Amino acid sequence: MTDNYPVVVYGASGYTGRLVMEHLRELGISFIATGRNREKIEKSVAMVPGIESARYQIVALDHTVEALTNLLAGRKVVCNTVGPFNRFGREVVAAAYNAKVHYLDTTGEQHWVVELMREWDEKFREIGCLIVPSMSYMYGLSEVGARFCMDTPGVDSLDMTGIAVAVPTVASAQTILDAVRQPSVYLKDHQLVQYAGVETCDLTTPSGRVLRASQWGGTSNPVWFSRDGRVRNCKMMIAMWNQELYKKELELERANKVSLQWIPEEKLNPMMDAMATSIAPATPPRESRYVHRAIDVCVGTGSMVMVKSTMISNGGYYSTGLMQAYGAARLCREIPRVAGFASPCEAFDHKQLMAAMESYGYAGIKVERLV
């Protein structure tokens with residue numbers, strides 16, 4: 001196959017896929033917009049600003065390893081936005097491996113990140129390709145802040161928090177509900193330790209507001225830093241300005257313990273999808289960067305050192321679109337520094353990712369040495 005279209009955007013009919021295509025166009029990268037429904041893809045592509053100046057193709061295909069492998073053959077990168085990844089990601093990863101292309105996704109599912117690390121790291125290293133999950137606002141930006149803290153020698157523990165205005169897509173709502181039913185972990189004394197259940201705490205915002213937070217599925221950060229010998233402890237808690245969301249999380253946890261865990265997956269998934277649709281009934285309106293803002297804070301400590309990074313960002317889905325496109329553009333133009341399973345910062349460097357976010361006005365950061 002020709003390499004004129006080196007990037008495949010899988011899930012191009014969705015809101016996140018559309019934003020990935022928007023940023024690929026700006027970065028001058030030609031792409032294939034793909035998914036299962038050609039009509040939906042065409043409508044999505046038509047909504048991309050400036051699409052008339054982009055170079056792209058539209059391909060509809062079945063969600064099978066064979067079909068995806070044939071499409072990916074001769075390409076360089078697949079940007080996978082089709083979640084929940086625990087349900088729909090395995091075929092895409094297998095196809096990327098078969099076709100020897102780099103794999104990026106937008107997952108916030110910790111259990112999926114753990115699966116990729118344990119089952120695909122060595123395989124992708126053998127073919128010289130990257131497999132990078134969470135190349136997205138959740139949890140790529142919070143990792144950037146943590147990496148800035150790790151630049152200070154002596155830091156061995158990361159206490160991370162995030163505060164966001166949530167406007168979930170249907171797939172994001174499905175992902176949230178799926179994650180609550182899965183075990184989640186944090187890093188304690190170099191070991192990944194399982195949470196007993198949904199853990200909550202009070203979180204104080206920089207302005208002094210107190211919000212209730214939870215571990216929100218564990219996040220990707222403890223998994224990434226479990227591979228860094230410098231880091232003993234890592235935990236992240238998430239608060240939403242809409243406090244009803246953590247209450248729904250607790251309700252679902254109780255329901256799972258009482259009844260849901262006994263229902264076969266083939267019957268349970270439609271039930272969970274209906275619940276997700278009640279939270280996010282349709283594709284959300286385009287984000288407003290004056291409304292949809294987030295704050296990510298990391299406090300890094302050691303025996304005799306303390307450093308704090310504070311990041312403000314706007315438009316989480318915008319940030320996701322840029323991170324995917326930026327990573328894909330880099331992989332189209334250079335040999336990656338590492339291969340196999342990697343975090344966004346391990347693959348592309350935290351300072352470079354931050355510079356990309358700043359160049360678009362999507363995020364700003366302050367790093368301060370406290371001790």
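Magnitude of the Cβ-charge dipole of the chain, K/R +1 and D/E -1, about the Cα centre, nearest 20 debye?
Value, rounded to 20: 400 debye.
Give me the dipole magnitude in Debye, nearest 20, for the range 7-166 about the Cα centre, with unit charges on the beta carbon: positive for Lys and Arg, negative for Asp and Glu.
560
With a 10 Å radius around each residue's Cβ, average the other Cβ atoms per peptide and rank 199-209, 287-297, 145-155, highest first.
Ranked by mean Cβ neighbours within 10 Å, highest first: 145-155, 287-297, 199-209.
Can you put K43, K123 in order of accessible area, largest first, using a 1.4 Å probe?
Per-residue accessible area, sorted high to low, gives K43, K123.
Could you tell me the accessible area of L250 in Å² (1.4 Å probe, neighbours in place), rounded to the nearest ten?
Its accessible surface works out to 40 Å², give or take rounding.
Taking the Cα centroid of the range 52-127 and of the range 175-237, what is the distance between the two, rounded to the nearest whole Å?
That distance is 26 Å.
Would you please put 356-364, 211-219 in order of how densely packed they are, using the mean number of other Cβ atoms within 10 angstrom per residue and starting with the highest?
So the order, starting with the most tightly packed, is 211-219, 356-364.
Exceeding 28 Å between C-alpha atoms, which entries from my cross-link table qualify? They are K76/K351; K188/K308; K100/K366; K40/K351.
K100/K366; K40/K351
How high is the FRET efficiency from S288 to R212, r the C-beta distance, R0 35 Å, rounded to 0.05?
0.90
Determine the calculated [θ] at 222 nm for the chain from helices alone, applying -39500 (n - 2.57) to every DSSP H run no shorter than 4 residues and normalising by the residue count; nearest 500 deg cm²/dmol.
Theoretical 222 nm ellipticity from helices: -12000 deg cm²/dmol.
Taking the Cβ of M150 as the center, what net charge do the other residues with Cβ under 14 Å away carry, scoring Lys and Arg +1 and Asp and Glu -1?
Combined, the nearby Lys, Arg, Asp and Glu give 0.
What ³J(HN,Hα) values, in whole Hz, does the Karplus curve 6.51 cos²θ - 1.76 cosθ + 1.60 give for the range 120-137 when θ = phi - 60°, with x put for Gly and Pro?
Here the 3J(HN,Hα) series is 10, 4, 5, 4, 6, 5, 5, 9, x, 10, 9, 10, 10, x, 6, 7, 6, 3 Hz.
Can you pull the percent of the range 195-271's accessible area that's carbon plus sulfur, 1.4 Å probe, other chains left in place?
Of the solvent-accessible surface of the range 195-271, carbon and sulfur hold 52 percent.
Given the C-alpha centroids of the range 313-371 and the range 15-45, what is the distance between them in whole angstrom?
One Cα centre to the other: 20 Å.
I'd like the Karplus ³J(HN,Hα) series for the range 302-314: coefficients 6.51, -1.76, 1.60, θ = phi - 60°, whole numbers in Hz, and an x wherever there's a Gly or Pro.
x, 5, 9, 8, 8, 9, 9, 10, 10, 10, 10, 9, 9
Whole-Hz Karplus ³J(HN,Hα) for the range 149-163, in order, using 6.51 cos²θ - 1.76 cosθ + 1.60 and θ = phi - 60°, x for Gly and Pro?
5, 5, 5, 8, x, x, 5, 10, 9, 10, 10, 10, 9, x, 10
The values are calculated or read from the model by the stated rules, or taken from the named source; none is laboratory data. As the structure is a computational prediction, the values presented were derived from the model and not from experiment. For neighbour counting, all protein chains shown are included, and Cβ atoms are generated from backbone atoms with ideal geometry for every residue, glycine included. SASA here: full protein model, heavy atoms, side chains in, ligands and nucleic acids out. Shrake-Rupley method; radii C 1.70, N 1.55, O 1.52, S 1.80 Å.
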